[in-house]
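Right, one structure below, let's go through it.
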Amino acid sequence: MRLPLSWIKEYAGIPVPPDVYRDKMVMAGNGVEGYEELGAGISGVVVGRIEAVRKHPNSSHLMVTTVDVGGDVIQVVTGAPNITEASVGAYVPVAKSGATLPGGHAGGDNSSPIRIRPGKLRGEVSDGMLCSGAELGVPDSLYPGAGVDGILIFNEPHQPGSDVKPILGIDDTVFDFEVLANRPDCLSVWGIARESAAVLGTSFAKPEISARESAGPVTDYASVTVLDYGLCPRYVACAIDNARVAPSPMWMRKALRGAGVRPINNIVDITNYVMLETGHPMHAFDLDRARDRKIVVRRANPGETLTTLDGKERTLTDAMLVIADAENATGLAGIMGGEESEITESTKTILFECAAFDRTGIRLTSRALGMRTEASARFEKGVSPYTAGEAMRRARQLVNLLDAGDVAQGMIDIYPDPKPRPVIEADCGRMRSAMGVDVPDVEMARILRSLGFAVEQGGGKLRVVPPEFRQDVDQEADLTEEALRLHGYLTLKSTLPVGAGMPGQRSPRMRLTDALKGLLRAWGGFEIYGSSFIRPAVLGWLNLNEGDPRLSPLALRNYLGEDTSIMRPTLVPAMLTALALNQNRKLDGCLLFETAAAFETVVDGKPRGEGELPFERQTLCVGGYGAGFDFYKIRGITRSLLANRGILCRVEAGADSYYHPGRSARLVAADGAVIARLGEVHPDVAERFEVGGRAYLAEIDLGAVLERQAAISRINEPPRHPAVTRDVALVMDDSVQLGPVADMMERSSGLVESVRLFDVYRGAQVGKGRKSAAFALTFRSPERTLTDAEVNPLLESLLAKLADNFGAALRV
């Protein structure tokens with residue numbers, strides 16, 4: 001926030017140079033980005049009175065002037081088109097010999113000023129230079145007439161030889177303050193002046209505010225109705241009759257310009273001046289253009305439109321607050337007025353508005369519409385409703401001072417529920433302990449009083465009532481901070497930290513993902529990181545069935561673009577995109593994995609409630625392709641990962657619709673919970689993601705794994721006796737799932753150590769609709785070497801069970 005130092009000095013004594021003032025404010029917790037000396041590159045430029053003008057004898061476009069610069073009369077040659085023989089008696093800025101200008105033009109580099117030297121122009125002596133507004137860095141909005149094409153001519157006479165900088169309003173120092181979000185009171189001249197006085201030990205004094213009321217009662221001019229006190233807890237209005245719209249005086253234009261606000265006219269400038277001075281945004285309406293002269297503060301109707309002062313039409317929602325007349329919205333509350341009620345030179349009757357709007361509502365509306373103004377920035381940080389009336393009285397006073405109109409009697413002040421100020425009971429000893437420095441009770445009380453707090457001190461206690469403009473103070477810790485920053489952070493002594501540190505540790509979920517990622521890396525896998533924000537279109541590429549909750553993802557309210565507009569409900573799109581990228585880079589094969597959250601809006605059939613956070617399902621997604629990568633490999637990887645966590649699952653056919661219907665499976669735990677889904681990517685889905693050939697995926701629910709994982713209770717010693725192996729080829733219907741067959745083999749006897757499927761054959765030799773599955777069975781006893789006489793009966797019994805349960809016969 002930019003503020004001229006002269007404006008701050010009107011209300012607080014600042015008896016130190018700018019650099020010292022900056023340092024003291026910073027050390028008291030008030031951020032200062034820097035300061036700028038206006039007109040720093042200008043010196044030796046004075047007021048001159050043109051005494052004579054004649055044409056240059058050797059040029060058709062140059063004029064020779066004789067100028068009184070205060071005790072001296074010099075000759076200056078100029079080519080400005082607005083200097084003629086008729087210019088005698090005009091007052092102009094003159095850069096005398098030895099003067100400096102900021103780079104010779106507006107916006108020039110003040111660090112390299114141009115020095116004016118005497119010389120001759122086509123034989124005529126020129127002892128200086130007549131200056132334009134652009135050469136002095138003065139815009140027309142600051143000094144009317146400065147923007148003309150030619151020399152700046154003063155609008156009123158001045159003493160020749162006097163410095164032009166005070167006349168043109170470029171003799172000030174402008175500070176750029178960094179105001180934190182918890183100090184909206186400092187977004188004003190009064191707030192900064194109050195802080196400055198407390199920091200420097202000087203006094204702060206606001207102006208005495210009074211207004212002369214020369215028009216009728218305000219209720220004769222307008223009526224105000226507030227329909228939503230939650231979004232507008234206080235609304236203050238006053239009327240101005242016989243408005244006399246004109247340019248503002250120089251002192252007001254200078255103040256506004258120094259604060260970075262463009263002067264417009266006296267009415268608009270008053271609202272901006274009060275906003276900068278008090279911190280309360282204001283707005284002015286042309287009452288003659290308000291239907292029935294009614295002001296209604298209400299929520300916008302869904303789809304209602306409003307053309308704001310920037311000429312843009314806005315489509316509103318019922319979450320947005322508007323200022324309306326009897327029929328339509330005329331302004332966007334707390335952000336920007338409407339074009340329909342804009343103040344013009346023909347305006348005669350005006351309504352001033354000074355209100356307190358809900359900070360959250362303003363922030364959401366501002367973001368939704370992509371609008372940010374000086375007013376919205378203040379309302380977003382929080383404007384105190386208590387002081388709105390004072391700001392309005394100041395505006396009425398300025399109307400009198402500028403003779404901008406006749407002030408109506410009274411004000412409309414709608415404030416149905418004023419909240420009492422909090423009373424804070426503080427213990428001085430506890431405050432000293434928190435500060436770490438010995439600040440006497442009386443000094444704490446003095447500091448707080450200098451900041452506007454009402455303080456009662458005694459018995460080691462403080463009873464404090466924060467001022468109305470401080471909404472950020474409501475507990476003892478806040479008072480401690482105020483006392484310490486004004487007492488001085490430099491009084492704190494350097495000490496070593498005390499207390500025992502607590503060693504950090506990985507959470508159970510972190511340890512789980514670390515273990516699984518370690519295994520995948522050991523198997524040659526590479527980890528990827530996908531964005532949690534995706535575009536909606538990719539969900540349509542997954543062949544998801546109608547009604548699938550993943551087709552109703554969580555949408556972002558303020559997304560950067562369509563490609564990042566929703567939270568991903570599955571990790572599959574990112575994995576398929578990564579596989580396609582690796583194929584495009586000509587990699588023959590790869591194994592990739594990602595652990596991240598999938599954001600679900602429906603959990604166990606229950607949809608997410610309004611305002612509730614989505615359920616974050618922690619997921620491990622594995623993907624791969626290449627020679628030797630098939631359904632059995634992705635299934636083996638998945639089962640090995642789960643077995644590492646002590647989870648044994650049965651295999652069931654089928655998975656989500658983005659998997660191949662005949663080459664996909666679910667891994668189901670003993671309690672029936674689906675732990676993982678895996679298989680070959682459906683060819684249509686692969687084509688949409690530009691994945692060539694066959695690719696394979698697995699999705700593991702890490703939450704389900706975490707709930708069911710079991711610690712390894714014992715480790716088997718290496719076998720002492722040799723194993724007996726048997727290869728068995730079984731013929732069965734093609735519809736029989738091989739997973740249950742393998743499970744029955746493993747459970748058939750305690751001597752079965754392992755079962756491995758190594759071949760599946762379909763062809764004429766086994767008949768149509770039939771298949772042959774070859775398994776390698778390993779038998780072993782921990783106590784002795786098995787013999788054929790022991791193994792053969794076990795194998796025969798197993799073959800009988802397989803025949804009974806699956807119709808499987810030994811292939812011969």
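The table below lists the values:
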| read-out | value |
| --- | --- |
| Top-ranked residue in the range 483-503 [being in a helix (DSSP H, G or I) and not basic (Lys, Arg); ranked as surrounded by the fewest Cβ atoms within 10 Å (Cβ to Cβ)] | Leu490 |
| Among the candidates Glu790, Glu783, residue that is in contact (Cβ under 8 Å) with a residue 40 or more places away in the chain, more than 24 Å from Gly636 (Cα to Cα) and either of a type outside the set (A, V, I, L, M) or outside the structural domain of Glu652 (by TED's automatic domain parsing) (or both) | Glu783 |
| Test: Thr365 is under 23 Å from the mean Cα position of the chain (by Cα) and either in contact (Cβ under 8 Å) with a residue 60 or more places away in the chain or outside any loop (DSSP other than H, G, I, E, B) (or both) | yes |
| Ala284 vs. criteria assigned to a strand (DSSP E or B) and of a type in the set (A, V, I, L, M) | yes |
| Any strands (runs of 3 or more DSSP E) falling wholly within the range 125-217 and containing at least 2 residues that are open to solvent by 40 Å² or more (accessible area, probe 1.4 Å) and of a type outside the set (Gly, Ala, Ser) | 173-178, 213-217 |
| Residue identified as open to solvent by 40 Å² or more (accessible area, probe 1.4 Å), basic (Lys, Arg), under 30 Å from Ala205 (Cα atoms) and not in a helix (DSSP H, G or I) among Arg463, Arg506, Arg446, Arg470 | Arg463 |
| Sole residue being of a type outside the set (Val, Ile, Thr), in contact with a strand residue (DSSP E or B) (Cβ under 6 Å, 6 or more places away or on another chain) and closer than 17 Å to Arg635 by Cβ, chosen from Ala676, Ala729, Ala723, Ala704 | Ala676 |
| Tabulated pairs, the range 128-157, first in contact (Cβ under 8 Å) with a residue 60 or more places away in the chain and not assigned by TED's automatic domain parsing to the domain that holds Asn265, second among the polar types (S, T, N, Q) and surrounded by fewer than 21 Cβ atoms within 10 Å (Cβ to Cβ), C-beta under 7 angstrom, 6+ apart or interchain | Gly128/Ser97; Pro144/Asn155; Val148/Asn82; Gly150/Asn82; Ile151/Asn82 |
| Breaking point among (1) closer than 30 Å to Arg2 by Cβ; (2) open to solvent by less than 10 Å² (accessible area, probe 1.4 Å), for His283 | (2) |
| Selection within the range 99-118 - surrounded by fewer than 19 Cβ atoms within 10 Å (Cβ to Cβ) and modelled with pLDDT under 90 | Gly103, Gly104, His105, Ala106, Gly107, Gly108, Asp109, Asn110, Ser111, Ser112, Pro113, Ile114 |
| Top-ranked residue of the range 1-38 - restricted to ones that are part of a strand (DSSP E or B) and in contact with a Pro (Cβ under 9 Å, 6 or more places away or on another chain), ranked as nearest to Tyr489 (Cα to Cα) | Tyr35 |
| Residue count for the range 502-532, restricted to those that are over 25 Å from Ile566 (Cα atoms) and either touching a residue at least 40 places away in the same chain (Cβ under 8 Å) or among the basic types (Lys, Arg) (or both) | 16 |
| From the options Glu594, Glu610, Glu616, residue that is under 34 Å from the mean Cα position of the chain (by Cα) and buried (at least 18 other Cβ atoms within 10 Å of the Cβ) | Glu594 |
| Residue that is surrounded by fewer than 19 Cβ atoms within 10 Å (Cβ to Cβ) and touching a Ser or Thr at 6+ places or on another chain (Cβ under 8 Å), where the choices are Gly410, Gly370 | Gly410 |
| In the range 22-31, residue nearest to Thr278 (Cα to Cα) [restricted to those that are crowded, with 17+ Cβ neighbours inside 10 Å and in contact with a strand residue (DSSP E or B) (Cβ under 8 Å, 6 or more places away or on another chain)] | Asn30 |
| Residues satisfying the stated conditions in the range 303-345, i.e. in contact (Cβ under 8 Å) with a residue 60 or more places away in the chain and either in contact with a Cys (Cβ under 6 Å, 6 or more places away or on another chain) or open to solvent by 10 Å² or more (accessible area, probe 1.4 Å) (or both) | Leu321, Ile343, Thr344, Glu345 |
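The values are calculated or read from the model by the stated rules, or taken from the named source; none is laboratory data. Since the structure is predicted, the reported quantities are computational estimates derived from the model, not experimental observations. Every residue, glycine as well, gets a Cβ built from its backbone with ideal geometry; the counts of neighbours run over all protein chains shown. Keep in mind that these areas ignore ligands, DNA and RNA; they rest on the heavy atoms of the full protein, side chains included. Shrake-Rupley method; radii C 1.70, N 1.55, O 1.52, S 1.80 Å.
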